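Down below is the structure, laid out as structure tokens.
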Amino acid sequence: MTYLDDLKKRRSRYDLTSELPMSEEALVDLVEVVTLEVPDAFNMQSQRVVVLTGERHRRFWQVVDEAFEGQVSADKLAGFSGAAATLLFATDTATVEDLQSQFALYTDKFPGWARESVGMLQYAVWTALATEGVGANIQHYNPVIDKAVHEEFGVPAEWELVSQMVVGGIGSEPGEKELKPISERVVTR
Ligand SMILES: Cc1cc2nc3c(=O)[nH]c(=O)nc-3n(C[C@H](O)[C@H](O)[C@H](O)COP(=O)(O)O)c2cc1C
């Protein structure tokens, strides 16, 4: 199996089960290893992850429901809650501001770079999970949930929440996705 084969295993999987095909400790290890390996502008290491499993994972989706005052469909929430874990991805704004003050020439660049690096982290975790037979999808309920999540889960105020990755066993596979011709997206000159 090559790295390219591994990339092909990742999909947005919404039919997730509560049976994680790895232990919770192995999930945390995987997230830690990927977080250590993913690159980052100036090696600033601004990416953050909160791993929620079991009761904390289910409570998270209740918090989303409460924050949206019932506006997110119950079926959708039940699907997320019925998975095994949720990973909250965030950016540590204190780290970004520190780098901005150190390197004045790039002040306006750091927030964008921080966003790219937390994006790379999400992708790398998502793919690594897929290679282990673990399904995942990615959600964005920010900023509506932010205040409640910081309070309820003790997330530091300077960790700006970016996305929520729902993780679980794979119930069923998604259909094929429509792809634009690759020649429109990658060119040689
Ligand atoms: C930056 C980004 C934001 C996304 N936001 C959401 C989201 O909020 N909700 C969702 O269900 N899927 C979200 N997705 C998943 C995309 O819809 C999905 O990756 C895309 O349709 C391709 O399908 P695939 O993941 O199965 O390859 C997001 C993906 C990316 C990369």
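So here's what we get for this one:
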item: When residues of the stretch 1-33 are limited to those that are small (Gly, Ala, Ser) and either surrounded by 12 or more Cβ atoms within 10 Å (Cβ to Cβ) or part of a helix (DSSP H, G or I) (or both), the one nearest to the ligand (Cβ to nearest atom); result: SER12
item: Residue check, LEU105 within 15 Å of the ligand (Cβ to nearest atom), more than 20 Å from LEU36 (Cα to Cα) and more than 20 Å from the chain's Cα centre (by Cα); result: no
item: Unmet requirement for ALA94, which otherwise passes all of (1) away from the ligand (no atom under 14 Å from the Cβ); (2) in contact with a helix residue (DSSP H, G or I) (Cβ under 9 Å, 6 or more places away or on another chain); (3) touching a residue at least 40 places away in the same chain (Cβ under 8 Å); result: (2)
item: Residue match in the stretch 68-85 (condition: surrounded by 14 or more Cβ atoms within 10 Å (Cβ to Cβ), over 21 Å from the mean Cα position of the chain (by Cα) and modelled with pLDDT of 95 or more); result: no
item: Unique residue being at positive phi and either in a helix (DSSP H, G or I) or surrounded by fewer than 15 Cβ atoms within 10 Å (Cβ to Cβ) (or both) when the list is GLY133, GLY112; result: GLY133
item: Among (1) small (Gly, Ala, Ser); (2) in a loop (DSSP other than H, G, I, E, B); (3) within 16 Å of the ligand (Cβ to nearest atom), the one test that GLY70 misses; result: (3)
item: Members of the stretch 34-59 found to be more than 14 Å from THR86 (Cα to Cα), assigned to a helix (DSSP H, G or I) and touching a residue at least 40 places away in the same chain (Cβ under 8 Å), listed by number; result: VAL34, THR35, GLU37, ALA41, PHE42
item: Residue tally, condition free of Cβ contacts under 8 Å to residues at least 12 places away in the same chain and either within 13 Å of the ligand (Cβ to nearest atom) or in contact with a Lys or Arg (Cβ under 8 Å, 6 or more places away or on another chain) (or both), over the stretch 136-157; result: 0
item: GLU160 vs. criteria part of a helix (DSSP H, G or I), more than 10 Å from the ligand (Cβ to nearest atom), acidic (Asp, Glu) and under 24 Å from THR91 (Cα atoms); result: no
item: Pairs with Cβ under 7 Å, 6+ apart, first in the stretch 97-108 and in contact (Cβ under 8 Å) with a residue 12 or more places away in the chain and in a helix (DSSP H, G or I), second surrounded by 13 or more Cβ atoms within 10 Å (Cβ to Cβ) and of a type outside the set (S, T, N, Q); result: LEU99/PHE42; LEU99/MET44; LEU99/PHE110
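The values are calculated or read from the model by the stated rules, or taken from the named source; none is laboratory data. These figures come from a predicted structure and were not determined experimentally. Backbone-built Cβ (ideal geometry, glycine too); neighbour counts: all protein chains shown.
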